[in-house]
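Enquirer: Input: one structure, supplied below.
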Amino acid sequence: MIERFDAGDPAALRRPGGRDDPALLGAVRGIVDDVRARGWQALVEQAVRIDGAAPELVAVAPFAEQGRRTLPGEAVAAMELARRNIETFHRATRPRDVEVTTMPGLRVAKQWRPLGSAGLYVPGGTAPLFSTLMMLAIPARVAGVGRIVAVTPPRRGGGLDPAIALAAELCGIEAIWTVGGAQAIAALAFGAGDIPAVDRIAGPGNAWVAAAKALVASLPGGPGIDLPAGPSELMVIADLSADPATVAADLLSQAEHDSAAQVILVTPEAALVDAVEAALDRQAATMARALAPARAILCRDLDEAVAIANAYAPEHLSLATDQAEALVGRITSAGAIFAGHDAAEAFGDYLAGSSHVLPTDGAARFTGGVSTLSFMKAITVQRVSPEAARGLAGPAAALARLEGLEAHAGAAEARA
């Protein structure tokens, strides 16, 4: 079943609410303040209260070995392929130092440094999201982060899921803390017991995790965070060149994440909406997981479809049209674009190479997904020859006095 909208209907692009609920935000603040103030004792108490288990640092090796013994061989090979592709992409796109001579004798450089530490949040819940661990840890490793601290919610019965452990081993992570929720974010932000405070926290999570990340980043001495990461989003722009069954399969691939996932078809073809709806009903009947509802927006043409996509700024945008390449350059706001009929969003989720940790809630208007840049910082370096300093002193002093800053002017003229 698809809920249908005209392009001008504001309800067509609505996003789920609830994450700004005052009660939720208040509860998150209480957890964060408690862990910040009392450290390990508070973390243990909150973890036992919420998840029924105290935090534990679990060695990866025995569970990774279990994974190699018990997981299908093709799955292990696919994880190794994913690691190679993710590493290849991120090594090729790692920021590089640059130096510019802006005038004779004046050189200005931008140099990149890895963060000293990073905390990686790997969601638990209904499925072991080992892919998220890889999509975070590999860019962090390529960036050169000095210390990586990984956390994931505790597993019933203890230990680690073998797939998560194997992914961790492939990424060079030797141990994982089994703690989740706002309490894990607070521990990563401010330290608790043997869990050290980190420079940046990355990774998606539920509303509690998202609220905790935003909160700790706003507090004095708090860490940076990667990006807003809420419920999954997929928008598909399609025309009559698209296969309805394939479009339906792509929509379902995101609808199975959770009931708040956003799956939206944008098309100028009413007949395609009918065909995709029929395909959705057939395919959904075979699925065991609960599915989020789908929406369809009927637009005038592909030009209006592009405008709708840029206004919505989806996490994932699929261009299921023969005109995909012509449209790519016109998309200004999307976390990731999947161009053409063969570019399955699921490829990006696992092994295309770019990280699948992407901005949601319209944040693609101003930021991109996780990359090596998420785990680095830029420092500018200025080098000035004596001759250039003498030439700069007068203009710098003039500008300083224009702002009423005499000491600045004096510092410049001291080089004259």
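Enquirer: At a Förster distance of 35 Å, what's the computed FRET efficiency of Gln382 paired with Leu219, Cβ-Cβ distance as r, to 0.05? Display every interim value, and only then the final one.
Expert: Values: r = 32 Å, r/R0 = 0.92.
Efficiency at R0 = 35 Å is approximately 0.60.
Enquirer: What is the extension gain from Glu325 to Leu71, computed as 0.36 nm multiplied by their sequence separation minus the C-alpha to C-alpha distance, in nm to one decimal? The partial results should precede the final answer.
Expert: Numbers: separation 254, 0.36 × 254 = 91.44 nm, distance 3.83 nm.
Full extension from Glu325 to Leu71 adds 87.6 nm.
Enquirer: Here is a follow-up. Kindly state, as a whole number, the per residue volume in cubic angstrom of the convex hull around the alpha carbon atoms of the range 141-243. Could the numbers behind the result be given before it?
Expert: On the way: hull volume 18.2 nm³, N = 103.
Output value, Cα hull per residue: 176 Å³.
Enquirer: Would you work out the relative contact order for the range 41-172, in percent, from Cα pairs under 8 angstrom that are 6 or more residues apart?
Expert: Working: 158 pairs, mean separation 44.3, N = 132.
Relative contact order comes out at 34 percent.
Enquirer: A follow-up question, please. Out of residues 5 or more away from Asp322 or on other chains, whose amide H comes under 5 Å of its own, with H placed 1.01 Å from N in the peptide plane?
Expert: Those lying under 5 Å, H to H, from Asp322 are Ser241.
Enquirer: Something else now. Per-residue counts of other Cβ atoms within 10 Å, averaged by peptide: what ranking do you get for 232-244, 35-47, highest first? Each step should come with its number before you reach the end.
Expert: Numbers: 232-244: 22.4, 35-47: 19.2.
So the order, starting with the most tightly packed, is 232-244, 35-47.
Enquirer: So if R0 is 25 Å, what FRET efficiency would Ala389 and Val98 give, r being the distance between their Cβ atoms, rounded to the nearest 0.05? Please list the in-between numbers first.
Expert: Working: r = 22 Å, r/R0 = 0.90.
In this case the efficiency is close to 0.65.
Enquirer: Check which residues have an amide H placed less than 5 Å from Ala150's amide H, if you skip close sequence neighbours.
Expert: It is Leu120, Trp177, by chain and number.
Enquirer: A further question follows. Check each of the chymotrypsin sites (Phe, Trp or Tyr not before Pro) in the range 267-374 and keep only those in coil by DSSP with at most 12 other C-beta atoms within 10 angstrom; list them in order. Before the final figure, lay out the partial values.
Expert: Working: sites: Tyr312, Phe338, Phe347, Tyr350, Phe366; in loops: Phe366.
Listed in order of number, the matching sites are Phe366.
Enquirer: On the first, second and third principal axes, largest extent first, how far apart are the outermost C-alpha atoms of the chain in Å?
Expert: Rounded to whole Å, the extents work out to 79, 56, 45 Å.
Enquirer: Could you give the length gained on full extension between Ala245 and Ala344, defined as 0.36 nm per residue of separation minus the Cα-Cα distance, in nm?
Expert: Numbers: separation 99, 0.36 × 99 = 35.64 nm, distance 1.26 nm.
The Ala245-Ala344 span can extend by a further 34.4 nm.
Enquirer: Using the Karplus curve 6.51 cos²θ - 1.76 cosθ + 1.60 with θ = phi - 60°, what ³J(HN,Hα) values do you get for each residue of the range 171-179, in whole Hz, with x for Gly and Pro?
Expert: Those phi angles translate into 9, x, 9, 9, 8, 9, 7, 8, 7 Hz.
Enquirer: Given a cut-off of under 8 Å on Cα pairs at least six residues apart, what relative contact order in percent is computed for the chain?
Expert: 20
Enquirer: Measuring with a 1.4 Å probe in the full set of protein chains, what accessible area per residue, in whole Å², belongs to the range 53-201?
Expert: On the way: 6330 Å² over 149 residues.
For the range 53-201, the solvent-accessible area averages 42 Å² per residue.
Enquirer: How large a share of the accessible area of the chain, in percent, is made up of carbon and sulfur atoms when the probe is 1.4 Å and the other protein chains stay in place?
Expert: Summing carbon and sulfur atoms, their accessible area is 55 percent of the total for the chain.
Enquirer: May I ask you to work out the translational diffusion coefficient for the range 265-398 at 20 °C, viscosity 1.002 mPa s, via Stokes-Einstein with Rh from the Kirkwood sum over Cα pairs, reported in whole µm²/s?
Expert: Numbers: Rh = 18.5 Å.
Using the Kirkwood radius from Cα pairs, D works out to 116 µm²/s.
Enquirer: While we're looking at this one, here's another question. By the scheme Lys and Arg +1, Asp and Glu -1, what is the net charge of all other residues having a beta-carbon under 13 Å from that of Ala307?
Expert: Values: positive: Arg300, Arg330; negative: Asp301, Asp303, Glu304.
So the surrounding residues net to -1.
Enquirer: Given just the C-alpha atoms of the range 40-131, how large is their convex hull per residue in cubic angstrom?
Expert: On the way: hull volume 17.6 nm³, N = 92.
Taking the convex hull of the Cα positions in the range 40-131, it is 192 Å³ per residue.
Enquirer: Would you mind counting up the charge near Ser355? Only other residues with Cβ under 11 Å from its Cβ, with Lys and Arg at +1 and Asp and Glu at -1.
Expert: Residues close to Ser355 contribute a combined charge of -2.
Enquirer: Let me ask something else about it. For the pair Arg282 and Arg49, what calculated FRET efficiency results from E = 1/(1 + (r/R0)^6), where r is the Cβ-Cβ distance and R0 = 35 Å, to the nearest 0.05? Could you put the intermediate results ahead of the total?
Expert: Numbers: r = 44 Å, r/R0 = 1.26.
The calculated FRET efficiency here is 0.20.
Enquirer: Still on this model: I need the peptides 398-407, 105-114 ranked by packing, meaning the mean over residues of other C-beta atoms within 10 angstrom, with the highest value on top.
Expert: Values: 398-407: 11.3, 105-114: 15.4.
Packing proxy ranking, top to bottom: 105-114, 398-407.
Enquirer: What is the Cα centroid distance between the range 354-416 and the range 152-217, reported in whole angstrom?
Expert: The range 354-416 and the range 152-217 have Cα centres spaced 34 Å from each other.
Enquirer: Antiparallel as a % of all DSSP beta bridges within the chain, to the nearest 5?
Expert: On the way: 18 of 54 bridges.
Here the antiparallel bridges make up roughly 35 percent for the chain.
Enquirer: Still on this structure, I have one more. Taking the Cα atoms of the range 205-269, what is the range of coordinates along each of the three principal axes, in descending order and whole Å?
Expert: The Cα atoms of the range 205-269 stretch 53, 19, 13 Å along their principal axes.
Enquirer: Right, another one. By Kyte-Doolittle mean hydropathy of at least 0.0 and Cα axial length of at least 18 Å, which whole DSSP H helices of the chain are selected? Provide the component values of the computation, followed by the final result.
Expert: On the way: long enough: 22-38 (24 Å, 0.42); 73-92 (29 Å, -0.28); 130-143 (20 Å, 1.48); 270-284 (21 Å, 0.55); 386-402 (24 Å, 0.44).
Helix filter hits for the chain: 22-38, 130-143, 270-284, 386-402.
The values are calculated or read from the model by the stated rules, or taken from the named source; none is laboratory data. This structure is a prediction, so every number in the text was calculated from the model and none was measured. A quick note on method: Cβ atoms are made from the backbone with ideal geometry, for glycine too, and the neighbour counts reach across all protein chains shown. Surface accessibility is based on the protein's heavy atoms, side chains included, excluding ligands, DNA and RNA. Shrake-Rupley method; radii C 1.70, N 1.55, O 1.52, S 1.80 Å.
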